[in-house]
Each structure stands twice: as structure tokens, then as C-alpha cells.
Amino acid sequence: MLIVHVHVHVKSDRVEAFKAATIENAQNSIREPGIARFDVIQQKDDPTKFVLVEVYRTADDPAKHKETAHYQKWRDAVAGMMAEPRYSVKYENIFPDEGGWD
């Protein structure tokens with residue numbers, strides 16, 4: 001498993017539009033065979049900050065995800081909503097093992 005946390009800081013006047021576009025992307029993403037989980041979380045004390053928690057089955061699956069039409073639609077839709085460039089941090093799953101994610 002490969003876990004990616006994508007940190008996003010959105011312009012304050014674009015929060016609702018970002019949420020709508022991101023939820024649509026997440027709903028489509030969880031249908032991909034290479035994605036075990038896709039969470040969208042919003043910071044409580046600063047609603048302009050989000051983390052996308054993407055859990056991929058293999059190291060090749062993030063590249064496959066970025067080839068999908070729904071990801072490309074999301075990427076283009078949210079590009080102008082960012083208060084600063086988004087960034088990601090990659091993690092390796094320790095517990096539960098792969099069987100715990102299904």
C-alpha cells in the first residue's frame with residue numbers, strides 16, 4: 001500500500017467550489033481498482049485547508065489515477081482555487097496490513 005496525503009490550501013472565497021469538485025473526484029476515484037481509499041478532510045480551525053488521503057494498492061496506481069478523465073477534470077477545475085501550490089507527502093502502510101483495507 002502507498003498512502004499519499006495531498007495538502008491543499010484554498011482561497012477563502014473558493015472553499016465551497018473546491019469541496020464540490022473534490023467530492024466529485026473522490027466519488028469517481030474510489031471506483032478505480034487501484035484505489036483502496038480516498039478521503040477528503042477539512043481542517044476544523046482553518047476551513048481553507050484540506051488533506052486528501054489517497055490509499056493506493058500499488059506504487060503504479062497513482063500514475064494510473066492521474067490518467068483518468070475525472071482526475072484531469074478536477075485538476076483543471078481547482079487550479080485557480082489554490083491559495084498556494086498543493087503538495088503531497090507519501091507514506092508506507094505499517095498497520096493494518098493490506099487485508100485490513102478491504
Legend entry - Failed criterion for R75 (all others in (1) loosely packed, with under 14 Cβ neighbours inside 10 Å; (2) more than 18 Å from H5 (Cβ to Cβ) hold): (2)
Inset, instruction - Assess whether Y56 counts as being surrounded by 12 or more Cβ atoms within 10 Å (Cβ to Cβ), within 16 Å of H7 (Cβ to Cβ) and among the aromatic types (F, W, Y). - result: no
Inset, instruction - Name the one entry in I30, I41 that is at negative phi, free of Cβ contacts under 8 Å to residues at least 12 places away in the same chain and touching a Phe, Trp or Tyr at 6+ places or on another chain (Cβ under 7 Å). - result: I30
Legend entry - Candidate set from region 30-49 (those that are of a type outside the set (A, V, I, L, M) and under 9 Å from the mean Cα position of the chain (by Cα)); member that is surrounded by the most Cβ atoms within 10 Å (Cβ to Cβ): F38
Legend entry - A17 within 12 Å of the chain's Cα centre (by Cα) and touching a residue at least 24 places away in the same chain (Cβ under 8 Å): no
Inset, instruction - Considering only residues that are modelled with pLDDT under 95 and of a type in the set (D, E), look in region 56-102 and name the one that is nearest to Q27 (Cα to Cα). - result: D102
Inset, instruction - Consider K49 carefully, then state whether it is over 22 Å from M1 (Cα atoms), touching a His at 6+ places or on another chain (Cβ under 7 Å) and touching a residue at least 40 places away in the same chain (Cβ under 8 Å). - result: yes
Legend entry - Residues of region 8-27 satisfying the condition of being under 24 Å from D60 (Cα atoms) and either in contact with a Ser or Thr (Cβ under 7 Å, 6 or more places away or on another chain) or of a type in the set (D, E) (or both): E24
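The values are calculated or read from the model by the stated rules, or taken from the named source; none is laboratory data. Computed from a predicted structure; not experimentally measured. Reconstructed Cβ throughout: ideal geometry from the backbone, glycine too, with neighbour counts over all protein chains shown.
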